[in-house]
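Report on one structure; see the data block that follows.
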Amino acid sequence: MTQSLNDPMTQPASAARRPRMSNPSRLLFMLTAWAIVLMPFLFWRATWFGRALSDAQIENYLHDESKPRHIQHALIQIGDRMQAKQAKPERWYPELVRLAGNPVEEIRNTDAWVIGQDTSRPEFHETLLKMLQDVSLTVRGNAALSLVRFGDASGRPQIVAMLQPAKVTSSAAGRVADTAKAGDAVRAGTLLAKVQKETGETVEIRSPITGRVRAMQVSARTQVAQRAELATVDPDSNQVWEALRALYLVGQAEDLPAVTPYARGLADMPVRVRQQAVLTEEAIRQRSGS
């Protein structure tokens, strides 16, 4: 009679004596495994702005100054309601005007987009005009785009600037300690260089826009003066596309030098950008008679 392979008598003695995991160890292992799976989900849920918020949550998030992303989440939810023309978001309109002066750039940037969703409000129009003077390049651009919804071309210079590379200068004199590299993809706020002042203080120089580093004008250990040019950053395709769409409506003949290169096709730009640039160029020429 042959023995089954599962018969304990056929197993090596070492296998029979293999220690079993204790219950506390097994529980710890399971909890660790759950944490590995659950933590990314919780992080995604906490940072995903598409998650619907109740009225009470929007109210709380709008005033949560300790968590700027909560304020952004609430703003985007209000913007969605404004677009859908439902759920009476007017109760939060005074907050939208107030947040245009928030010290956090990302909040002002989101706010400029949201305010543009309701063109019936004169206080929004006035707020956007003030935001054209914001210290942030991206906030000025978003305010200019929103003003086009109001039929106001006051922000046309800012829109044209969105098509052009951003020149990044040093806010302090000192020795360059570290730099990004040409070709690096960057987001608005990405660190481009560090400048160490004579006092030992380190100043961080960050990208004003999302895009790609075209060139670094300095290298590590270079001495630079205040306001010296450090880098050039090309805008990303989304920014270019939005600017071209706006100039389709308000662009003038003097804007063509900024539009035409995209109509001819630039490397790293998707087809939709070239197509929009062609349409924008044609619209401007028809409007100006050129």
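Are there chymotrypsin sites (Phe, Trp or Tyr not before Pro) in the stretch 90-173 that DSSP marks as loop and that have at most 12 other Cβ atoms within 10 Å, and which are they? Please report the intermediate quantities before stating the final value.
Values: sites: Trp92, Trp113, Phe124, Phe150; in loops: Phe150.
Hits after loop and neighbour filter: nothing returned.
With a cut-off of at most 14 other beta carbons within 10 Å, and DSSP calling the residue loop, which trypsin sites (Lys or Arg not before Pro) in the stretch 63-111 qualify? Please list them. Kindly include the intermediate steps, with their values, before the conclusion.
Working: sites: Arg69, Arg81, Lys85, Arg91, Arg98, Arg108; in loops: Lys85.
Passing both the DSSP loop test and the Cβ count: Lys85.
Starting from the exponent 0.38 and prefactor 2.2 Å, build the expected Rg for the stretch 122-249 from its residue count and divide its actual Cα Rg by it. Provide the component values of the computation, followed by the final result.
Values: Rg = 16.5 Å, N = 128, 2.2 N^0.38 = 13.9 Å.
Compared with the compact-globule rule of thumb, the stretch 122-249 sits at 1.19.
Spelling out what I want: for every residue of the stretch 242-248, take phi, set θ = phi - 60°, compute 6.51 cos²θ - 1.76 cosθ + 1.60 (Karplus), and round to whole Hz; glycine and proline get x.
Listing the rounded values in order: 5, 5, 5, 4, 5, 5, 4 Hz.
So how far, in whole Å, is the C-alpha centre of the stretch 142-165 from the one of the stretch 255-290?
16 Å
If you project the alpha carbons of the stretch 220-290 onto the principal axes, what extent comes out on each, in Å, largest first?
Each principal axis gives a Cα extent; for the stretch 220-290 these are 51, 24, 17 Å.
Near the amide H of Arg214, under 5 Å away, which other amide H atoms are found, from residues 5 or more places off or on another chain, if H is placed in the peptide plane?
Distant-sequence amide H within range of Arg214: Gly183, Thr232, Val233, Asp234.
Describe numerically, in nm with one decimal, the distance between label points set 7 Å from Cα along Cα→Cβ at Glu123 and at Asp55.
For Glu123 paired with Asp55, the spin-label model returns 1.8 nm.
Given the Cα-Cα distance of Arg98 and Arg214 and 0.36 nm per residue of separation, how much length would full extension add, in nm?
Numbers: separation 116, 0.36 × 116 = 41.76 nm, distance 3.66 nm.
Taking Arg98 through Arg214 to full extension adds about 38.1 nm, to one decimal.
Name the trypsin sites (Lys or Arg not before Pro) in the stretch 189-260 that are in a loop by DSSP and that have at most 13 other C-beta atoms within 10 Å, would you?
Hits after loop and neighbour filter: Lys197, Arg221, Arg227.
Give a residue-ordered list of calculated ³J(HN,Hα) values for the stretch 96-112 (Karplus: 6.51 cos²θ - 1.76 cosθ + 1.60, θ = phi - 60°; whole Hz; x for Gly, Pro).
5, 5, 4, 6, 5, x, 5, x, 8, 4, 4, 5, 5, 5, 5, 4, 4
For the stretch 40-154, what is Rg from Cα atoms divided by 2.2 N^0.38 Å, rounded to two decimals? Walk me through the numbers on the way to the answer.
Values: Rg = 13.7 Å, N = 115, 2.2 N^0.38 = 13.4 Å.
Taking N as the residue count of the stretch 40-154, the ratio is 1.03.
Only the coordinates and a few stated rules stand behind these numbers; no lab work does. Small disclaimer: the values here were computed from a predicted structure and weren't measured. Reconstructed Cβ throughout: ideal geometry from the backbone, glycine too, with neighbour counts over all protein chains shown.
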